[in-house]
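What follows is a set of notes on a single structure, which appears directly below.
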Amino acid sequence: MKSYKKFLALGLSVAMLAGMTACGGGDNDTPANNDTNTPAANDANTPADNDTNTPADNTDNNTPQAGSEKRIIRIGTWYDHFYDSTNESIWDDTSVSDEAFAQAHFDIVAEVEQKYNVEIEFVNLTFDGTKESINTSILAGHPDCDIYEVDLTFGIPAAMNGYALNLRDVVPDADVCNDQMIFAPTNIGLSDDSIYLFTQVSAEAGLYNTYMLAYNKQILDDAGLEYPEDLYERGEWTWDKWREYMITLTQDTNGDGVIDQFGYCSRWDFTVMQLLLSNGATMASSDTETLSSPEVGEVLDFMYNMWSVDKVAKPWNADDFDSNMNSYLDGNIAFWVDAAWISSQNKDGECDFDIVWCPWPVGPSGNQETNNFRNVSSGNAWMIPTGVEDPVFVYHVFEDWANWYHGDVAYRDSNLTWWEDCAVTEENYAVMEMMGSKDQFDLFNSFGLKWDDDYVKLINGEMTPAQFQETWKQPMQDGLDNFFK
């Protein structure tokens, strides 16, 4: 397995993450499937039995048959997952808001039980307990669980070191290796087409962890500036143009000699992540760090200039980290980073100014055609551990359980109301879909680097971009070395 540690140099993509994941131990930027903020689906959307547009159930003649003795399929996670054979009603999940969807998830359990003579059991191992179980029981040759849900921070190393089965060898004719209507491979940058980690497919999964550049429409209108999305369509929305906009829009609006309207304000971590993507740059997308590369230097230099040279970014508030994310609510910030969860938390739709989401401008080393928009090196995925009994059987049981919509992807994806409400407008929603359409694999946030103070020093002008790169290039390489050891 060690031979697979060579990564693709550029263009690494990870299939849509999240599937049916929850918050514990992973990203908490997006709602779980039964999030109480998700409005209930209209029952009229439920497909009729004779709907001619409903794809055939994804079952083939190679599906294993039920055994004579009942088998328990144990699935290790780090949170209470719904639904399995122990649940008696949809209300066992107290967060249910969409009864129709919850009932479909609940009913599929009995169908799978009868078809395969199994019981499905989710086991809450806790976050650290999942890692321990993988590292001990699989190594011993007797995995505790038939399937594990893994955070990519420990799932990728597990796959690299032989703890997960390659599904292309195990179930080459299955959905995950072909149509990918139910499961999609999680591309972890290997130079072949092996599938060690996989996730559930849905339109919703394509919206997770998307971060848009937002602007206050009234501020741009008052200045008579053309809208960024129009510039983007003509290939003219670049860092240089954005810099011009931010300089123009940073003003003393009441004439008291104090700047009270700023071109930009947001958290530094959101900013660096999206600037990397818009400049076609990565810090840790292979087994060799690229934090020290000229392209990353351009990102750091742009941030340095925003806060410390042009002074178009609102001064950093070190006393209240999230205030830097939420300052736009005061109506005096031209551009900021927005996301569905931020919009929901801050009730963007109730603001007394129009919020528009637009594509990120293209950096000097970026390319509008090839830039990626979303960093997906964190999140959750499934894996079937090495040493599990009859992995073909296990996979098919799990695939049928995941196919609670019986192949009708239109029904599966029919309730995106929460996301639509967060976007406020159809145009914003389209930008969010765009941001989820091209994924980048970059592990720079996966090593627990304690660089927060130095990022603040960078934007406050106390550290140069070159000094930042020199300080952190070796810790980044050490993190990569340890990650894949």
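The values are calculated or read from the model by the stated rules, or taken from the named source; none is laboratory data. As the structure is a prediction and not an experimental result, all values here were calculated from the model. Methodologically, a virtual Cβ is constructed for each residue, glycine included, from the backbone with ideal geometry; neighbour enumeration extends over all protein chains shown. Accessible surface areas use protein heavy atoms only, side chains included; no ligands, DNA or RNA. Shrake-Rupley method; radii C 1.70, N 1.55, O 1.52, S 1.80 Å.
One table, with the values for the structure above:
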item	result
Cβ pairs under 8 Å, 6+ apart, first in the stretch 64-78 and farther than 13 Å from Glu119 by Cα, second part of a loop (DSSP other than H, G, I, E, B) and at pLDDT 75 or above	Pro64/Asp390; Ser68/Asn117; Gly76/Leu125; Gly76/Asp144; Gly76/Cys145; Thr77/Leu125; Trp78/Leu125; Trp78/Thr126
Among residues of the stretch 108-147, those that are small (Gly, Ala, Ser) and either surrounded by 14 or more Cβ atoms within 10 Å (Cβ to Cβ) or in a helix (DSSP H, G or I) (or both), counted	4
Residue check, Glu470 open to solvent by 30 Å² or more (accessible area, probe 1.4 Å) and either closer than 25 Å to Gly366 by Cα or in contact (Cβ under 8 Å) with a residue 40 or more places away in the chain (or both)	yes
Where Val309 falls short, out of the listed (1) farther than 22 Å from Val424 by Cβ; (2) aliphatic (A, V, I, L, M); (3) in contact with a helix residue (DSSP H, G or I) (Cβ under 9 Å, 6 or more places away or on another chain)	(3)
Tally of residues being surrounded by 19 or more Cβ atoms within 10 Å (Cβ to Cβ) and closer than 29 Å to Thr136 by Cα across the stretch 82-91	3
Search result, residues across the stretch 378-392 that are at pLDDT below 95 and part of a loop (DSSP other than H, G, I, E, B)	Ser378, Gly379
Single condition Asn58 does not satisfy, out of (1) surrounded by 13 or more Cβ atoms within 10 Å (Cβ to Cβ); (2) over 30 Å from the mean Cα position of the chain (by Cα); (3) modelled with pLDDT under 95	(2)
Pair list, Cβ < 8 Å and 6+ apart or interchain, from the stretch 112-139 residues that are on the phi < 0 side of the Ramachandran plot to residues that are among the basic types (Lys, Arg) and surrounded by fewer than 19 Cβ atoms within 10 Å (Cβ to Cβ)	Tyr116/Arg71; Val118/Lys70; Val118/Arg71; Glu119/Lys70; Glu119/Arg71
Meets criteria (surrounded by 19 or more Cβ atoms within 10 Å (Cβ to Cβ), modelled with pLDDT of 95 or more and β-branched (Val, Ile, Thr)) for Val309	no
Test set (1) open to solvent by 40 Å² or more (accessible area, probe 1.4 Å); (2) more than 29 Å from Trp316 (Cβ to Cβ); (3) in contact with a strand residue (DSSP E or B) (Cβ under 8 Å, 6 or more places away or on another chain); (4) hydrophobic (A, V, I, L, M, F, W, C) - Trp401 fails condition number	(1)
Residues of the stretch 191-241 satisfying the condition of being surrounded by fewer than 13 Cβ atoms within 10 Å (Cβ to Cβ), assigned to a helix (DSSP H, G or I) and of a type in the set (Ser, Thr, Tyr)	none
Within the stretch 441-453, tally of residues that are open to solvent by 20 Å² or more (accessible area, probe 1.4 Å) and in contact with a Ser or Thr (Cβ under 8 Å, 6 or more places away or on another chain)	2
Unmet criterion (only one of (1) assigned to a loop (DSSP other than H, G, I, E, B); (2) modelled with pLDDT under 95) for Asp173	(2)
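Here is a yes/no grid of residues against (1) in contact with a Leu (Cβ under 8 Å, 6 or more places away or on another chain); (2) surrounded by 24 or more Cβ atoms within 10 Å (Cβ to Cβ); (3) closer than 22 Å to Asp439 by Cα:
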| site | (1), (2), (3) |
| --- | --- |
| Asp252 | no, no, no |
| Val258 | no, no, no |
| Phe270 | no, no, yes |
| Gln274 | yes, no, yes |
| Leu277 | no, yes, yes |
| Thr282 | yes, yes, yes |
| Ser286 | yes, no, yes |
| Ser293 | no, no, yes |
